[in-house]
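Chemist: After the structure tokens below, expect a handful of questions from me.
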Amino acid sequence: MARRNGRKKNQLPDLYYEGYMEKRSFKDKTSRKLWTCLCGKTLFFFNDKRDEDYVEKLDLCGLVSVTDDSSPDPNLDAARFNVQMTKGNIKFTASNAESRELWKGYIHSVAKMEVPLTLNLLPGQVHILRETVQKEKERLINPEPNQSPPAAVKSEMPACYYEVPYLEAELLLEREASKGNLLLRPGKQKGSFAITTRQDLEGPMFRHYRVLPKPEGGFYIAVDKPVHFDSLHDVVAYMVEKTDGSLTPLNIEAHYDKNISFIASDNENGERTQRALLPPEHPIPVTGKVRNDEPEPVESPPATDKKEEKASVTDGCSSGETRPVPEPRKLPPCPAPRTFAPTQPAAKPAFPTNAPEKPMTVSNPEMEKQILPAALSELKLRLGQKSKLRV
């Protein structure tokens with residue numbers, strides 16, 4: 001069956017009785033087991049107890065009678081009864097005989113506004129039916145709005161509004177007695193509110209007042225002589241002004257510390273003390289930090305200098321012109337003897353020897369620094385002479 005676009009279960013009128021029943025009307029060929037809720041003067045039917053949308057409903061305003069179904073049935077535990085409406089007869093089957101009597105009593109009570117005396121009910125059950133009739137009369141006198149309070153009302157709640165039930169409101173006023181003795185809270189009925197007050201007279205005294213919405217807009221305090229207002233703020237202001245300040249709205253402000261503190265323990269004696277965290281003298285800029293595992297950018301310039309040296313040498317070979325090689329630091333000129341030219345040690349002996357070949361190395365590091373610039377200058381000079389001969 002398609003999902004019905006109606007009011008949710010929590011938006012229905014006051015719930016009086018509920019349970020599973022099998023329903024079969026003159027249009028249905030077979031009976032269906034549905035979760036049935038008696039809300040006000042209407043029976044709402046759901047496919048399952050946990051569903052929020054009802055599949056159909058039955059208005060009991062046209063009720064004629066509620067009688068037992070005495071037709072033979074092979075199921076001895078079946079508890080059938082008929083609901084005769086002006087438009088037809090509907091058959092119901094309850095879970096047992098006791099549940100059938102309760103369903104008959106609730107349906108007759110809310111539809112006829114009287115408790116039937118011919119049912120097989122206990123005195124306590126009859127008392128509950130009488131209370132149900134009284135609640136239904138009050139509901140008809142003060143009809144509930146079809147919808148919850150508008151968003152504008154919810155967003156402009158007074159500062160003393162708290163989402164607490166009946167008993168928690170009293171506990172809150174008892175615990176925060178120094179911060180106020182009046183609060184506004186949600187009411188028992190949907191769309192309504194309540195005012196809870198606390199005063200001392202040989203002990204704490206609590207009072208609760210219902211604040212109901214008006215169909216044309218606004219609210220009123222449901223007392224013997226109702227007092228009407230345009231908004232909930234006016235309701236609270238009226239309670240404060242007319243009591244000469246004896247009632248003050250409860251205002252619980254959140255407490256925030258002004259300084260950062262922490263609990264520190266001493267490793268020597270094990271004592272724990274509270275310490276304050278001193279603020280920095282200068283504001284800490286929010287910048288990206290280089291991680292410790294990343295290489296520092298300072299090491300890259302030497303590699304760039306070596307590339308520039310090699311590039312200058314190759315340019316001189318291709319064009320025949322020599323360019324000054326950038327050096328990291330200047331040293332006094334010290335020409336090396338020709339016997340240390342890099343071309344002579346490259347010659348290999350004509351016969352193999354058992355002794356390992358010793359490379360031409362310079363033991364003194366200072367001498368090595370002087371030989372390299374001299375060898376480069378001599379190489380450039382030779383390249384320049386060869387290029388002149390070719391021209």
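Chemist: Just read off the accessible area of Glu131 with the full protein assembly in place, 1.4 Å probe, to the nearest 10 Å².
Modeler: Roughly 90 Å² of Glu131 is accessible to a 1.4 Å probe.
Chemist: In addition: Determine, from the Cβ-Cβ distance of His233 and Asn259 and an R0 of 30 Å, the FRET efficiency 1/(1 + (r/R0)^6), rounded to the nearest 0.05.
Modeler: Efficiency, rounded to the nearest 0.05: 0.25.
Chemist: Which FRET efficiency, nearest 0.05, do Leu171 and Asn89 yield, Cβ-Cβ r, R0 56 Å?
Modeler: The computed FRET efficiency comes out at 0.60.
Chemist: What accessible area per residue comes out for region 177-228, rounded to a whole number of Å², with a 1.4 Å probe? Mind dumping the intermediate values first?
Modeler: Working: 2930 Å² over 52 residues.
For region 177-228, the solvent-accessible area averages 56 Å² per residue.
Chemist: What's the extension gain from Glu216 to Thr273 if we count 0.36 nm per residue and subtract their Cα-Cα distance?
Modeler: 14.3 nm
Chemist: Along the charge dipole of region 187-280, which of Val236, Phe262, Val211 sits closest to the positive end, that is, farthest toward it, with unit charges on the beta carbon of Lys, Arg, Asp and Glu (+1, +1, -1, -1)?
Modeler: Val211
Chemist: Less than 11 Å Cβ to Cβ from Phe262, Lys/Arg counted +1 and Asp/Glu -1: what total charge do the surrounding residues give?
Modeler: +2
The values are calculated or read from the model by the stated rules, or taken from the named source; none is laboratory data. In this text, all values refer to a predicted model and were calculated from it rather than measured experimentally. Heads up, the Cβs are rebuilt from the backbone with ideal geometry, glycines too, and the neighbour counts pull from every protein chain shown. The accessibility values were calculated without ligands, DNA or RNA, using every heavy atom of the protein model including side chains. Shrake-Rupley method; radii C 1.70, N 1.55, O 1.52, S 1.80 Å.
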